[in-house]
Amino acid sequence: MARIFVIDDDEQLLRMVGLMLERGGHNITLINNPLDGLEQIKADKPDLLVLDVMMPNMSGHDLAREIRNNANVEDLPILILTARSQEVDRTTALKSGADDYLSKPVTSQELMERVDDLLAKKGGQSSPETGIVITAFGLRGGVGQTTLAVNLAAALRRASQQEVCLVDLSPSGGQAVMHMRLQARSSWLDLPTENELDWAVLKNRLIIHPSGLRVLAAPAKPQDPSAISGDRVQYILNLLKHHVAFTVIDAPHVFSPAFLQAVSMADMGLHIITPEVVSVQTAVQLNRLLNKSGIQVKRKSHILNQHTPEAQLPQTAVERGLNNKVAFQIGYDINQARAIAQGVPLTLTSAKSGLPNVVRRMSEAIWQRVSTKSL
């Protein structure tokens, strides 16, 4: 989480920019007076400054120059926002000492991309040389797999401040976008053929959440499981591995080539089950199928998710049935139904209940292992 100061004399724009950055997981300080802002920066240097140009007493350009002439804060990354959009305005902003420039009105996506770029260039956050793929999977529907995939992706985005993409491979109608109240303008079904699909094209088809999380949506209408092939999944995931730090996959509940590719390409596999007899039996059968197919899931963990108020089985009985330990147990969370209705993943709220607490711990542990190159 980066500490960002925003300085703008327009209270409405100040709050709007602050809200965009808060949704991206940053710690924001809003300042409406540039002279006060300069003193606060000298006293408590932030990680980045977002700065308006036209302000009374001191313009954004003048403030940027003052910062560059102060030895204690001269390396502070500065992003200038201005209502002007001519090339001369960009040149003036950069000459005054700004690192980047955006013209108003600015969208949440534009702002988050520029902020992330500046923070990455600052060198305060390391990113893996090749992205990490995490696949949430299981053949039984209704176990909360999409809920966990969405919340884990959002938590990883917040914990790492790196590029994170959630991939919904469900052929039975996209659920991930519903969890976040996003409008899916396209899906993996609409992507062009491999000879026309590169990172620029794929990036343009990804939906961006206010948190900065990117989403490759599933089609809104149910499709045949063969609508996306294993080779297609492999191509898309290879593109993502080279351009985003984390790819979180919500795998289909069908033992299809797409499912097998999503599981086999995972750097971490999360087998989602519930404390119910049928769920455990299905998980056992799937483990046998994967072994029979010769697929070894890397760093596989069983995640026990209690999605109803009452559990059929205790954790010890689940572990006996699986002949394996449960890595994480998530208790029933009464807040989850409201979170889905509001379209806000619990890990992006201040909720301290079971699901966000466990998933945040998972994300922080994953990020720490990746950033120290121990995954």
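The values are calculated or read from the model by the stated rules, or taken from the named source; none is laboratory data. From a predicted model like this one, the values you see are computed outputs, not experimental measurements. We place every Cβ from the backbone using ideal geometry, glycine too, and count neighbours over all the protein chains shown. Just so you know, the surface numbers come from the protein's heavy atoms only, side chains and all, with ligands and any DNA or RNA stripped out. Shrake-Rupley method; radii C 1.70, N 1.55, O 1.52, S 1.80 Å.
When the residues of the stretch 156-183 are narrowed to those that are within 13 Å of Ala245 (Cα to Cα) and of a type in the set (Gly, Ala, Ser), which ends up surrounded by the most Cβ atoms within 10 Å (Cβ to Cβ)?
Within the stretch 156-183, the subset within 13 Å of Ala245 (Cα to Cα) is 156-166.
If we keep only those that are of a type in the set (Gly, Ala, Ser) as well, we get 159-160.
Details: Ala159: 22, Ser160: 24.
If we take residues in the stretch 156-183 being within 13 Å of Ala245 (Cα to Cα) and of a type in the set (Gly, Ala, Ser), then Ser160 is surrounded by the most Cβ atoms within 10 Å (Cβ to Cβ).
What's the number of the only condition in (1) free of Cβ contacts under 8 Å to residues at least 60 places away in the same chain; (2) within 30 Å of Leu348 (Cβ to Cβ) that Thr92 fails to meet?
With (1) free of Cβ contacts under 8 Å to residues at least 60 places away in the same chain; (2) within 30 Å of Leu348 (Cβ to Cβ) applied to Thr92, the lone miss is (2).
Residue check, Thr308 against (1) assigned to a loop (DSSP other than H, G, I, E, B); (2) more than 28 Å from the chain's Cα centre (by Cα); (3) among the β-branched types (Val, Ile, Thr), all met but one. Which one?
With (1) assigned to a loop (DSSP other than H, G, I, E, B); (2) more than 28 Å from the chain's Cα centre (by Cα); (3) among the β-branched types (Val, Ile, Thr) applied to Thr308, the lone miss is (2).
Are any residues in the stretch 262-281 touching a residue at least 60 places away in the same chain (Cβ under 8 Å) and of a type in the set (Ser, Thr, Tyr), and if so, which ones? I'd like the intermediate steps shown before the answer.
If we filter the stretch 262-281 for residues that are touching a residue at least 60 places away in the same chain (Cβ under 8 Å), which is where we start, we get 262-263, 265-274, 278-279.
Scanning the stretch 262-281 gives Thr274, Ser279.
Just name the residue that is farthest from Ser160 (Cα to Cα) out of those in the stretch 18-47 that are free of Cβ contacts under 8 Å to residues at least 24 places away in the same chain and of a type outside the set (Gly, Ala, Ser). Let's see the steps before the verdict.
Residues of the stretch 18-47 free of Cβ contacts under 8 Å to residues at least 24 places away in the same chain: 18-19, 22, 35-36, 39, 43-44.
Of the ones still in play, those that are also of a type outside the set (Gly, Ala, Ser) are 19, 22, 35-36, 39, 44.
Values: Leu19: 19, Glu22: 15, Leu35: 33, Asp36: 31, Glu39: 30, Asp44: 23 Å.
Step by step, filter the stretch 18-47, then rank; the result is Leu35.
List the number of the failed condition for Leu111; all other conditions in (1) at pLDDT below 85; (2) of a type in the set (A, V, I, L, M); (3) surrounded by 15 or more Cβ atoms within 10 Å (Cβ to Cβ) hold.
Failed condition: (1).
Limited to the stretch 342-367, what total is found for residues that are open to solvent by 60 Å² or more (accessible area, probe 1.4 Å) and either in a loop (DSSP other than H, G, I, E, B) or modelled with pLDDT under 85 (or both)? Step through it out loud before you land on a result.
Just the residues of the stretch 342-367 that are open to solvent by 60 Å² or more (accessible area, probe 1.4 Å), to begin with: 342, 350, 352, 361, 364.
Cutting the leftovers down to either in a loop (DSSP other than H, G, I, E, B) or modelled with pLDDT under 85 (or both) gives us 350, 352.
Total satisfying the criteria: 2.
Select from the stretch 283-305 the residues that are over 24 Å from the mean Cα position of the chain (by Cα) and either assigned to a loop (DSSP other than H, G, I, E, B) or surrounded by fewer than 19 Cβ atoms within 10 Å (Cβ to Cβ) (or both) and list them in ascending order. Let's see the steps before the verdict.
Of the residues in the stretch 283-305, the ones over 24 Å from the mean Cα position of the chain (by Cα) are 283-296.
Val284, Gln285, Asn287, Arg288, Leu289, Asn291, Lys292, Ser293, Gly294, Ile295, Gln296 - these are the residues of the stretch 283-305 that are over 24 Å from the mean Cα position of the chain (by Cα) and either assigned to a loop (DSSP other than H, G, I, E, B) or surrounded by fewer than 19 Cβ atoms within 10 Å (Cβ to Cβ) (or both).
Regarding Ile80, is this residue more than 30 Å from Thr274 (Cα to Cα) and touching a helix residue (DSSP H, G or I) at 6+ places or on another chain (Cβ under 9 Å)? I'd like the intermediate steps shown before the answer.
On the way: more than 30 Å from Thr274 (Cα to Cα): yes; touching a helix residue (DSSP H, G or I) at 6+ places or on another chain (Cβ under 9 Å): yes.
Yes: the conditions hold for Ile80.
When you go through Thr146, Thr135 one by one, which is the residue that is open to solvent by 20 Å² or more (accessible area, probe 1.4 Å) and either touching a His at 6+ places or on another chain (Cβ under 7 Å) or modelled with pLDDT of 95 or more (or both)? Give the derivation first.
Values: Thr135 fails: open to solvent by 20 Å² or more (accessible area, probe 1.4 Å).
On inspection, the qualifying residue turns out to be Thr146.
Does Thr146 satisfy the condition of being among the β-branched types (Val, Ile, Thr) and assigned to a helix (DSSP H, G or I)?
Values: among the β-branched types (Val, Ile, Thr): yes; assigned to a helix (DSSP H, G or I): yes.
Here the answer is yes, as Thr146 does meet what is asked.
Taking His179, is it under 30 Å from Leu304 (Cα atoms), at pLDDT 90 or above and touching a strand residue (DSSP E or B) at 6+ places or on another chain (Cβ under 7 Å)? Break it down stepwise before answering.
Values: under 30 Å from Leu304 (Cα atoms): yes; at pLDDT 90 or above: yes; touching a strand residue (DSSP E or B) at 6+ places or on another chain (Cβ under 7 Å): no.
When the stated conditions are applied, His179 does not pass them.
Considering the stretch 262-279 alone, what residues qualify as being in a helix (DSSP H, G or I) and either open to solvent by 10 Å² or more (accessible area, probe 1.4 Å) or among the aromatic types (Phe, Trp, Tyr) (or both)?
The first filter runs over the stretch 262-279 and keeps only residues in a helix (DSSP H, G or I), leaving 262-264, 277-279.
Residues satisfying the conditions are Ser264, Val277, Val278.
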